[in-house]
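Everything below concerns the one structure shown next.
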Amino acid sequence: MFERDEYVFHESGGICKIADIQTAPLDNMPADRRYYVMHPLHDQNSVIYIPVDSDCIFLRRLLSRAEAEELLDRIPFVRTIEESNAKLLRAKYQEAMRTHDPVEWVRVIKTVYLRTTAQPPRSGRISETERSFAENAKRNLHAELALALGLSADADMEQYITDHIQKMA
């Protein structure tokens, strides 16, 4: 069970802060169930209600500081997604994003980055869909790393990650 004021990753809301844990916060909810009352980090005015005992809604704890630092150290060694067929590549991106795993987000980001910067492009130009997967992965990864490392949400995480990797070299 999660606690009040804890940050969690929600499958559709992204990073959320648990504002409260209440019994039936709205009139149409069963009175015998407790709910997490959460606010997505990207939209503090939104509210998400999740039953505490739900086993069909994905919620996970965010990375700890140590886990975030370990992930930063692993980035150079995370393998990219290898697929030449655009349709199959899209399916692999979807599968990676559906895991809600920061390592998989790194895979997506690295794959799109390397495909974008390859000379000549490995399989034609990069689609907007592919860019969208990378942007979603970046948004999730950067927000989670910033929280775990105690950095401002406005911190330039891309530069922070680049600097970290260069220090390792």
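Read-outs: derived from the displayed coordinates by stated rules, not from any lab. Computed from a prediction, not measured in an experiment: that's the story for all the values here. Because the Cβ atoms are built from the backbone with ideal geometry, glycine has one as well, and the counts that use them run over all protein chains shown.
Numbers at a glance
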item	result
Protection-proxy order for peptides 21-29, 97-105, each taking the mean of Cβ atoms within 10 Å per residue, highest first	97-105, 21-29
Diffusion constant of segment 7-61 at 37 °C, which comes from Stokes-Einstein with the Kirkwood Cα-pair radius and 0.692 mPa s, µm²/s	291
Within the chain, helix-based [θ] at 222 nm, where runs of 4 or more DSSP H residues each add -39,500 (n - 2.57), nearest 500	-14000 deg cm²/dmol
Given charges at beta-carbon only (K, R positive; D, E negative), |dipole| of segment 65-168 in Debye	540
The chain: angle of helix 128-149 to the longest principal axis, Cα-based, in degrees nearest 10	60
Distance histogram in 10 Å bins (all Cα pairs of segment 1-92, percent per bin)	15, 33, 26, 19, 7, 0
Unit Cα scatterers, Debye sum, segment 100-159: log10 I(q)/I(0) for q = 0.15, 0.16, 0.25, 0.30 Å⁻¹	-0.49, -0.54, -1.00, -1.20
Packing-based exposure ordering (other Cβ within 10 Å, fewest first) of T129, T117	T117, T129
Equivalent-ellipsoid semi-axes of the chain, from the Cα gyration tensor, Å, largest first	33, 19, 13
Nearest-ten-degree value, helix 157-168 long axis tilted from longest Cα axis of the chain	60
